[in-house]
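Notes to accompany the following structure.
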Amino acid sequence: MSVLRLALVMLMLVVAGISSAEPRFVVGFAQDTLANDWRKVQVQEVQAVLAQHPNIQFIVTDAQGKTALQAKHIEDLAAKGVDLLITSPRDQQALTPVIRQVYESGIPVILLSRGVSDESYTSYVYHDNRAIGQQAAEYLVKALQGQGRILMLEGVAGASTTLDRGQGFEAVIKKHPDITLIKRTANFLRADAILAVDALLASGESFDAVYAQSDSMAAGARMAMQLHGMDLQQVPLVGIDYIREAREALLLGQQALSFTFPTGGREGAELAIRILNGESVPRQVEIACQPVTPATAVSLEPIF
């Protein structure tokens with residue numbers, strides 16, 4: 001064997017040895033549901049970043065919108081020995097104990113977009129949902145000139161996003177006694193929003209404006225309103241997320257306002273990599289959101 005070939009073989013063996021010595025990590029993401037487009041994209045964004053690191057194995061579970069199943073998935077991932085847990089708790093209070101147990105066992109925990117009732121986490125990627133709710137209420141109060149009936153389509157009961165978006169909204173509405181607030185739960189899903197709004201209108205109830213705590217629910221509300229012959233351009237509708245459907249509705253004059261709401265998946269994945277590399281990370285990372293009007297939607301790309 002020539003000296004050059006021998007040198008090349010030895011180099012390949014050294015490289016192979018380094019590669020095999022690389023630490024392998026397992027990251028588990030216990031997601032609430034993959035039936036929701038926004039949550040599915042959140043997982044995809046995490047996966048896209050982690051895929052650039054071949055020494056990281058990524059596991060995703062789908063709780064199908066069931067709190068008990070998400071708790072089981074979190075426990076199962078911990079039992080399998082994941083090196084880091086990512087989750088977006090469906091129910092803030094109900095899932096705090098199981099997440100606390102994982103965190104106190106020494107497994108780093110990253111919370112994406114939804115919080116828990118204590119500080120049992122390594123890092124929390126969040127948005128200011130209360131401020132969004134307040135801005136949505138201020139907009140609709142002005143649009144209705146301080147009087148009328150507003151339908152609030154709420155997300156998943158018990159989720160921190162639902163609580164904060166609702167509390168921020170109601171804090172403003174309470175200052176306006178001539179505004180009546182009607183609440184219906186639609187779980188951040190189009191189908192549930194269609195059913196909720198259809199049932200409401202079929203019962204003879206009416207409303208002058210809609211605050212949907214997600215743009216998926218806003219899309220469902222529009223479908224139900226159209227079925228009942230309502231003029232979408234005459235009913236101010238505010239949503240959150242600024243997905244493609246929202247942008248189209250804004251440009252058509254069928255939605256008055258949305259708020260950008262990035263999933264935080266990329267930021268969460270980058271935090272995970274830093275933690276696995278032994279680096280320190282901030283306890284909280286806020287993702288900026290901004291209001292989107294029909295005028296600004298012309299040039300602003302949706303989040304997906």
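The values are calculated or read from the model by the stated rules, or taken from the named source; none is laboratory data. Predicted model only: the values in this text are computed from it and were never measured. For neighbour counting, all protein chains shown are included, and Cβ atoms are generated from backbone atoms with ideal geometry for every residue, glycine included.
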Exercise. Can you name the residue in region 93-103 that is closer than 16 Å to ASP32 by Cα and among the β-branched types (Val, Ile, Thr) and, of all such residues, is surrounded by the fewest Cβ atoms within 10 Å (Cβ to Cβ)?
Worked result: THR96
Exercise. Taking MET225 and the conditions (1) free of Cβ contacts under 8 Å to residues at least 40 places away in the same chain; (2) under 17 Å from THR296 (Cα atoms); (3) surrounded by 22 or more Cβ atoms within 10 Å (Cβ to Cβ), which numbered condition does it fall short on, given that it satisfies the others?
Worked result: (2)
For this session: Return the total of residues in region 191-211 being buried (at least 20 other Cβ atoms within 10 Å of the Cβ), more than 27 Å from the chain's Cα centre (by Cα) and farther than 23 Å from ALA143 by Cα.
Result: 0
For this session: Scan region 264-294 for residues that are in contact with a helix residue (DSSP H, G or I) (Cβ under 9 Å, 6 or more places away or on another chain) and free of Cβ contacts under 8 Å to residues at least 24 places away in the same chain and report the count.
Result: 2
Exercise. Hey, among the residues in region 154-190 that are surrounded by 20 or more Cβ atoms within 10 Å (Cβ to Cβ) and among the polar types (S, T, N, Q), which one's farthest from ALA224 (Cα to Cα)?
Worked result: SER160
Exercise. For region 207-304, which fully contained helices (runs of 4 or more DSSP H) count at least 2 residues that are assigned by TED's automatic domain parsing to the domain that holds ILE56?
Worked result: 265-276
For this session: Give the residue that is surrounded by the most Cβ atoms within 10 Å (Cβ to Cβ), with candidates limited to residues of region 104-134 that are of a type in the set (Ser, Thr, Tyr) and touching a strand residue (DSSP E or B) at 6+ places or on another chain (Cβ under 9 Å).
Result: SER113
